[in-house]
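Just so you know, all these numbers are worked out from the coordinates, no wet-lab data involved. The structure displayed is predicted, hence computed values, not measured ones. Ideal geometry is used to build each Cβ from the backbone, glycine not excepted, and the neighbour counts take in all protein chains shown.
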Amino acid sequence: MKCSINREIDTLSSLKRLNGQLSCAVIQGLDLTEADLDWKNLECDGTVFMGCHFPTGVDEQSLRRRGAMILPRFENLPYEPYRSALYSREELMQGWTPGHDNSVDKSIYDHFHSKGGNEADVLEALAQRLHDHAVDDALRDLLEGRVEKDGRKKVVAVMGGHGTPRTDPYFKKVAHITRQLTRAGYFIASGGGPGIMEASNLGAWMANAEDEELDTALQILARSPVYTDPGYMSRAQEVIDLHPAGSSSLAVPTWFYGHEPTNFFSRHVAKYFSNSIREDGLLAIATYGIIYAPGSAGTTQEIFMDATQNHYGTFDWISPMVFLGKKRYQEDTMLFDCISQLAEGKKYAEMLLCTDEISEVCAAIENYVPTTA
């Protein structure tokens, strides 16, 4: 059967609603052992089963003869290539204690490293690509409002140095900025690691907190300023324990930099194996702007990638580029001047700002009207 539309099914409740009419459905990563289906008479022409568990006795060859495609499961992996949802902090940190890190996150990183990282063999590489495709799909569900049932997200990304200490003034500034933007209805996305990335998700998490509560959280975190310090993750857990019901935001980390801990303050974690897919994707989803706090080579690369997307209208929209840190971007480097010169005659030239003021950063984002390329 040639299917014009493929229905994506990733929950048993969605499967049940089909009443056995599975033609042109893509069944993603489900345990079907308890599914109430008449397997012998199932309509499955054009159906794709991706990594599903079948009940004992189901004749998979019969399903194929009736038009189904079955993509088999991968065995003995610490991750699920066909997962149907993003990660959560709780899932990734399962097994972690202040005394020892036996987390799922570390287990996957150790596996990735043992398989050669980006030089994995063909089957491991295939499993990783399927996993990253599944994360892409789950991320789309979140951003289009199907997960939190709140409509399409107004995504603002924040970039900056992974090594920025929790005691740095820009760490505090970023937390205040993202708290204000979250309160204003924007959805904060970061690279998911330490430094400025953690500050971004922290501010979003604390959106409903008072100023004094955010200051207390910053003081707790400051006792272990950088991610190599003893107690770094325990300090974050202390803040979570004080404020367990934080607001939603997104982290987009990668096991390519798996030695850096995924920060604790994002409700949704789109963690990838491929760093290139992760970096380009994070910039692409930030349709309501990107804020650049001081950073080094990685942040500089992201600035030029973002400028390229705006310059050529790669994803049909252009959006603000806000540089937080005049010293970094206008004195120590010529990055802001370089991007400004590049943007001359283009729509995004009017969406460039370099400032040190929290209010000006937020105003630049909040005053933005979505603009097509």
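What to note about this one:
- Summed over all non-identical Cα pairs, the Kirkwood treatment of the stretch 125-178 gives a radius of 14.0 Å.
- Annotation: cysteines of the chain without a disulfide-compatible partner (Cβ-Cβ under 4.7 angstrom) are CYS44, CYS52, CYS338, CYS354, CYS362.
- Near THR164, the amide H atoms lying under 5 Å from its own belong to ILE196; only residues 5 or more places off or on other chains count, and H is placed 1.01 Å from N.
- Remark: the stretch 7-71 projects, on average over all directions, an area of 3.6 nm² (convex hull of Cα atoms).
- Residues considered: ASP110, ASP306, ASP211. Largest GNM mean-square fluctuation over the chain, using C-alpha springs under 10 Å, is found at ASP211.
- Rg [Å, one decimal], Dmax [Å, integer] - the chain, C-alpha atoms: 22.4, 72
- Selection from LEU342, TYR227, ALA373, by position along the positive dipole direction of the chain (Cβ): ALA373
- Local charge for ARG183 was computed over the other residues whose Cβ lies under 13 Å away, with Lys and Arg +1 and Asp and Glu -1, and equals -1.
- The HN-Hα couplings worked out from phi for the stretch 190-196 by the Karplus form 6.51 cos²θ - 1.76 cosθ + 1.60 (θ = phi - 60°) are 9, x, x, x, x, x, 4 Hz, whole numbers, x standing for Gly and Pro.
- Stretching SER234 away from ALA297 to a fully extended chain increases their span by 19.8 nm, per 0.36 nm per residue minus the current alpha-carbon distance.
- Ranked by the mean number of other Cβ atoms within 10 Å per residue, highest first, peptides 67-73, 94-100 order as 67-73, 94-100.
- Every pair of different Cα atoms in the stretch 279-373 enters the Kirkwood calculation, which places the hydrodynamic radius at 13.2 Å.
- The loop-placed GluC sites (Glu not before Pro) in the stretch 15-85, going by DSSP, that have at most 12 neighbouring Cβ atoms within 10 Å of their Cβ come out as GLU75.
- Fraction in percent of alpha-carbon pairs per bin - 5 Å, the stretch 190-267: 3, 18, 28, 28, 17, 5, 1, 0
- Geometric extent, Cα atoms of the stretch 111-230 - Rg, Dmax (angstrom): 17.4, 53
- Vicinal HN-Hα couplings computed from phi for the stretch 232-247 (Karplus, 6.51 cos²θ - 1.76 cosθ + 1.60; Hz; Gly/Pro x): 4, 6, 5, 5, 5, 5, 4, 5, 4, 5, 6, 9, x, 10, x, 7
- The stretch 186-276: GluC sites (Glu not before Pro) in DSSP loop, at most 13 other beta carbons within 10 Å: GLU210
- Mean Cβ neighbour count within 10 Å, used as a protection proxy, ranking 348-354, 119-125 highest first: 348-354, 119-125
- Residue-wise HN-Hα couplings along the stretch 293-308, as the Karplus relation 6.51 cos²θ - 1.76 cosθ + 1.60 with θ = phi - 60° gives them from phi, are 7, x, x, 10, 5, x, 5, 4, 4, 5, 4, 6, 5, 5, 4, 5 Hz; Gly and Pro carry x.
- When only the Cβ of Lys, Arg, Asp and Glu is charged (+1, +1, -1, -1), the dipole of the stretch 7-71 relative to its Cα centre reaches about 180 debye.
- Computed E for ARG140/GLU213 - FRET, C-beta separation, R0 45 angstrom, nearest 0.05: 0.85
- Qualifying trypsin sites (Lys or Arg not before Pro) in the stretch 122-216, where qualification requires a DSSP coil assignment and no more than 16 other C-beta atoms within 10 Å, comprise ARG146, LYS149, ARG152.
- Over all distinct Cα-Cα pairs of the stretch 25-149, the Kirkwood formula returns a hydrodynamic radius of 16.6 Å.
- Environment charge at SER88 (Cβ cut-off 15 Å; Lys +1, Arg +1, Asp -1, Glu -1): -2
- Within the shell defined by Cβ-Cβ distances under 15 Å, the residues around GLY325 carry a net charge of -3, with Lys and Arg each +1 and Asp and Glu each -1.
- The charge dipole of the chain, taken about its Cα centre with unit charges on the Cβ of Lys, Arg, Asp and Glu (plus for the first two, minus for the last two), comes to roughly 660 debye.
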